[in-house]
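The values are calculated or read from the model by the stated rules, or taken from the named source; none is laboratory data. For clarity, every value in this text was computed on a predicted model and none was experimentally measured. Positions of Cβ are generated from backbone atoms using ideal geometry, with glycine treated the same way; all protein chains shown enter the neighbour counts. These accessible areas exclude ligands, DNA and RNA; they are computed on the full protein's heavy atoms, side chains included. Shrake-Rupley method; radii C 1.70, N 1.55, O 1.52, S 1.80 Å.
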Amino acid sequence: MAEEEAAGRQVTPQEALLGLVRTAYGRAAYLDEVVKEKLQRHAEAGGDPFDPPSELVRWLRQSRDERVAATRTAKAAVDAGVMQALERRLDMEGQVVADTLAAVLDVLDLDQEQRVLALTAAQARLSGEPLPERPAPAAASVAEEPVDAQAAMEDTLRSLVADEPGVDVEALLREVDEEEGRTDG
């Protein structure tokens, strides 16, 4: 069965089996919709929904037959190793996508934050989730002049003792400078 289907469509027997499973389940779903519509019309016309008209019996039987066919085909697909082959193929395709994305990110020479954002966006796109928001660009830092720690401490000392009578801050600072051997003042 699968070999004939595969030859006619130029696909592997595993792909043909999967196609047959999907087709059978699709037909069963269609038949279920037909039964649902006909049963709804029957109930709207005053009929008992638990006692369907005889014309529905044919549709119900056909739906059941399609499900049985789909189940048998699915079992044949599992027995033939289709699921393992499909898993291997999906793993391989996933690895190709991951390798390609890594190569692109390497070529772009992104920093760590940009790389994480790009990978998060790729994962979101692949899983059907919304893309992450772009972070606001960092504000340009204003170049500040280096702080002279000693000058800052001297200024703090001056402000602390500014109102103290009889304290000569400059004389104290000169004395400390002389004791420590500093001559820069």
**Message:** Restricting to the range 1-51, give me the number of residues that are at pLDDT 85 or above, surrounded by 11 or more Cβ atoms within 10 Å (Cβ to Cβ) and not in a helix (DSSP H, G or I).
**Reply:** 1
**Asked** Quick one: what pairs do we get from the range 34-49, first residue without any contact (Cβ under 8 Å) to a residue 40 or more places away in the chain, second open to solvent by less than 90 Å² (accessible area, probe 1.4 Å) and among the hydroxyl-bearing types (Ser, Thr, Tyr), C-beta under 8 Å, 6+ apart or different chains?
**Response** Val35/Ser63
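Every residue, every condition in (1) open to solvent by less than 70 Å² (accessible area, probe 1.4 Å); (2) more than 30 Å from Glu37 (Cβ to Cβ); (3) at pLDDT 85 or above, yes or no:
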{"site": "Arg58", "(1), (2), (3)": "no, no, yes"}
{"site": "Ser63", "(1), (2), (3)": "yes, no, yes"}
{"site": "Val68", "(1), (2), (3)": "yes, no, yes"}
{"site": "Ala76", "(1), (2), (3)": "yes, yes, no"}
{"site": "Val82", "(1), (2), (3)": "yes, yes, no"}
{"site": "Arg115", "(1), (2), (3)": "yes, yes, yes"}
{"site": "Leu119", "(1), (2), (3)": "no, yes, yes"}
{"site": "Arg125", "(1), (2), (3)": "no, yes, yes"}
{"site": "Pro130", "(1), (2), (3)": "no, yes, yes"}
**Complete:** Taking the range 85-127 and keeping residues more than 28 Å from Leu17 (Cβ to Cβ), under 18 Å from the mean Cα position of the chain (by Cα) and either acidic (Asp, Glu) or not in a helix (DSSP H, G or I) (or both) leaves Asp99, Glu113
